[in-house]
There are 2 protein chains.
Amino acid sequence: DVMKKLDKLENEFLPQVMVDNTEVIFDTLRFLEPQTKELIIANTGQVPVQFEFIKKLDDPNYCKEWLNIEPYTGFIMPGEKCDIRLEVYVDKKSACKMNSGQDKLYDILVLHLDGGKDIFITVTGSYERSCFGSSIEALVHMNVPVREIPAGKIIELENCKGDAGPPYMVPKEVWYLVDHLYRHALKTQHLFENPGLHNELIQIRNWLDTSPNESLPGSVHSVAEALLLLLESTAEPIIPYNLHNVCLGASSNYLQCKQIVMQLPDHSKNVFLYLCFFLQELLSHSSDNQLDGKTLATLFGGIFIREPPRSRNPSSARTKSNQQEADRKKANFVYHFLVNDTSELVMGCS
Amino acid sequence: DVMKKLDKLENEFLPQVMVDNTEVIFDTLRFLEPQTKELIIANTGQVPVQFEFIKKLDDPNYCKEWLNIEPYTGFIMPGEKCDIRLEVYVDKKSACKMNSGQDKLYDILVLHLDGGKDIFITVTGSYERSCFGSSIEALVHMNVPVREIPAGKIIELENCKGDAGPPYMVPKEVWYLVDHLYRHALKTQHLFENPGLHNELIQIRNWLDTSPNESLPGSVHSVAEALLLLLESTAEPIIPYNLHNVCLGASSNYLQCKQIVMQLPDHSKNVFLYLCFFLQELLSHSSDNQLDGKTLATLFGGIFIREPPRSRNPSSARTKSNQQEADRKKANFVYHFLVNDTSELVMGCS
């Protein structure tokens with residue numbers, strides 16, 4: 001009868017696809033080393049298909065921040081197919097959530113067909129934790145390389161639970177990088193300005209995470225970039241987000257800046273003073289290395305006083321001139337500690 | 001002829017002894033664990049013998065400070081013998097020299113016979129280094145238990161040579177002991193007043209020197225005594241000898257006392273402030289533990305501001321009333337840091 005025929009006709013004109021893999025499993029993923037896998041979406045129906053990965057209820061995006069889907073939307077003619085490239089990549093923004101257990105390498109993607117059904121695709125893999133993405137507080141309590149520490153123990157340390165051992169002055173990883181620069185790069189020009197090499201950063205990461213009995217690999221520029229990256233990968237910056245605005249407000253007044261530093265969480269304070277002490281040492285060799293205080297203060301201002309993530313406080317999004325003003329204040333804040341005698345504040349890292 | 005007969009007679013009347021062992025070899029010696037060996041001196045001559053161990057040229061004493069000879073002098077009739085007891089014992093005074101390589105378990109004794117010849121006896125053995133007797137500076141750079149570190153490396157660390165690794169805030173051994181007391185003894189009465197047990201001190205020493213995967217042994221009183229002993233065994237006290245008199249002079253003035261503390265060697269400063277912080281914590285439980293600030297200040301005053309060895313400055317030997325005055329000043333010095341808010345000075349050990 002007519003109704004049945006209509007139903008059948010309608011079904012035939014529904015979009016239909018085949019996905020070659022709905023459980024995408026990645027190999028062990030490491031910090032700063034991307035991996036890709038391909039998905040094939042084949043149009044097996046009789047009508048063109050408009051597809052799109054859509055976000056699940058309550059999720060801010062159609063995939064986790066460490067995943068990239070290319071293309072995430074498209075149009076496929078009947079009998080044709082589309083290759084989708086899935087890239088997973090844990091960088092300085094996502095590493096801390098992996099370390100703390102707040103996130104893991106697991107996502108469910110919703111492939112939506114316009115006018116048709118939804119197909120669910122899982123993405124999984126295991127992430128190998130690194131010192132990059134660890135908090136300062138957790139790192140100072142790790143007296144063996146991070147890869148020798150069970151994941152559960154790292155999560156405990158990141159969440160300030162369980163028994164922590166005796167703390168280092170500053171994370172040993174910070175110490176190793178600074179010590180290397182201190183011994184090999186005091187007279188190097190364009191330190192922190194010249195970029196490092198990606199493969200050397202990977203080697204340095206492996207060295208820090210396993211501490212083999214050999215010297216730190218890579219050029220001093222790669223070591224310098226690794227140091228910046230380590231500081232940028234923590235969940236909270238050296239100046240915690242809750243002191244961000246106080247810091248900018250105090251930036252013209254050294255006394256107030258000192259008071260803020262003395263209020264910092266213990267180990268953040270040590271790292272701050274230790275690095276300022278090292279930067280002072282670099283500046284004392286400026287006739288060789290051509291570095292100047294303003295440049296270093298601007299660079300480290302942005303790192304010590306990291307901008308809060310947009311999502312935290314959308315109303316604080318700055319105009320360009322506001323941002324320039326904030327950057328100038330951050331630089332001023334740090335500059336005090338590069339030109340004044342901070343030995344009254346500094347504790348033993350020498 | 002007569003001359004020959006006289007010579008012979010004279011020889012016969014010379015004192016003559018047999019010593020059963022002129023190379024005394026001890027087993028491996030450990031901190032705070034004495035060992036003894038016996039020597040037998042037999043009078044094999046025809047006249048009584050007066051013997052005495054005498055000091056070698058330039059030596060202040062007839063044996064090293066870690067050796068005790070009992071009796072060191074005596075009288076033996078012909079055909080008789082005398083048992084001599086040699087005791088070796090490395091304590092808080094001698095341990096630091098063993099650790100630094102300034103001394104070793106080796107001595108040459110000169111057994112002098114009155115009117116006769118000298119007999120040389122060597123005393124040897126190997127000493128197993130411990131954290132007791134290590135300097136604060138060396139300990140903070142040891143990230144494995146001391147027994148896992150080769151002797152040569154320890155000597156390097158004690159003499160500030162060679163590559164030192166990233167430093168702990170305070171020696172991990174200090175941290176372990178304080179952490180244990182913090183968790184188990186805040187409400188214990190007579191802490192630091194009740195003595196520990198010798199066998200438990202040995203167990204605690206072994207635990208600190210090997211860090212096995214079990215909890216610290218011994219009662220809290222033994223742990224407390226171990227902490228005091230560790231601080232007393234360093235070559236330099238927390239307040240270095242060169243600041244000793246400055247310290248006493250400043251003791252009535254908190255501001256000056258603070259300035260002295262801020263001048264301390266980095267890690268000594270950390271240990272000082274860390275322990276004062278812990279003592280404040282103890283005092284905040286005084287309704288349970290019955291401790292009072294004056295008592296703790298007096299006890300720790302004597303430990304932080306240790307009396308310089310007499311030999312260093314004989315003219316400074318004090319009368320009893322002078323000593324009481326000095327002890328009172330030491331207590332005053334420490335007392336400031338038990339009753340004032342020192343958080344402005346304290347760095348992260350929490």
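We did not get these values from a lab; they are worked out from the coordinates using the rules stated. Everything numeric in this text was worked out from a predicted model, so none of it was measured. Because the Cβ atoms are built from the backbone with ideal geometry, glycine has one as well, and the counts that use them run over all protein chains shown.
Summary of values
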| item | result |
| --- | --- |
| For the range B:250-258, 3J(HN,Hα) per residue [Karplus equation, 6.51 cos²θ - 1.76 cosθ + 1.60, θ = phi - 60°, Hz, x = Gly/Pro] | 8, 4, 8, 10, 4, 4, 5, 4, 4 |
| Mean residue ellipticity (222 nm) of chain A, computed from DSSP H runs ≥ 4 via -39,500 (n - 2.57), nearest 500 | -12000 deg cm²/dmol |
| Copies compared at A:Gly74 - label distances in nm, ascending, label defined 7 Å from Cα in the Cβ direction | 10.0 |
| For A:Trp66, net neighbour charge (Lys/Arg +1, Asp/Glu -1) across residues whose Cβ lies under 13 Å away | 0 |
| Rh by Kirkwood over Cα pairs, then Stokes-Einstein D for the range B:33-83 at 0.692 mPa s and 37 °C, µm²/s | 262 |
| Relative contact order, percent, chain A [alpha-carbon distance under 8 Å, six or more residues apart] | 14 |
| Table column - 3J(HN,Hα) (Hz), the range B:9-20, Karplus curve with 6.51, -1.76, 1.60, x for Gly and Pro | 4, 4, 4, 5, 8, 6, x, 9, 9, 10, 10, 6 |
| Separation in nanometres of the label points that stand 7 Å from Cα toward Cβ, at B:Gln189 and B:Thr122 | 5.7 |
| Descending principal axes extents, the range A:204-350, alpha-carbon based, whole Å | 49, 35, 30 |
| Spatial separation of Cα centroids for the range A:1-67 and the range B:141-183, in angstrom | 58 |
| Cut-off under 5 Å, modelled amide H: who pairs with A:Glu33 long-range | A:Val90 |
| 0 to 90° range, to nearest 10: angle between helix A:320-339 axis and chain A longest Cα axis | 30 |
| For B:Leu109, distant residues with modelled amide H under 5 Å away | B:Ile121, B:Thr122, B:Val123 |
| Pairwise label distance in nanometres, A:Val2 with A:Thr28, each label 7 Å out on the Cα-Cβ vector | 6.7 |
| Whole-percent pair-distance distribution, where bins are 10 Å wide, for the alpha carbons of the protein assembly as shown | 3, 11, 17, 19, 16, 12, 8, 6, 4, 2, 1, 1, 0, 0, 0, 0 |
| 3J(HN,Hα) from dihedral phi, the range B:133-147, Karplus parametrisation 6.51/-1.76/1.60, rounded to Hz, x for glycine, proline | x, 7, 7, 4, 4, 6, 4, 5, 9, 9, 9, 10, x, 4, 6 |
| Rough spin-label spacing in nm, given labels placed 7 Å along Cα→Cβ, for B:Asn213 and A:Thr210 | 2.2 |
| Charge dipole (debye, nearest 20) of the protein assembly as shown; +1 at Cβ of Lys and Arg, -1 at Cβ of Asp and Glu | 1580 |
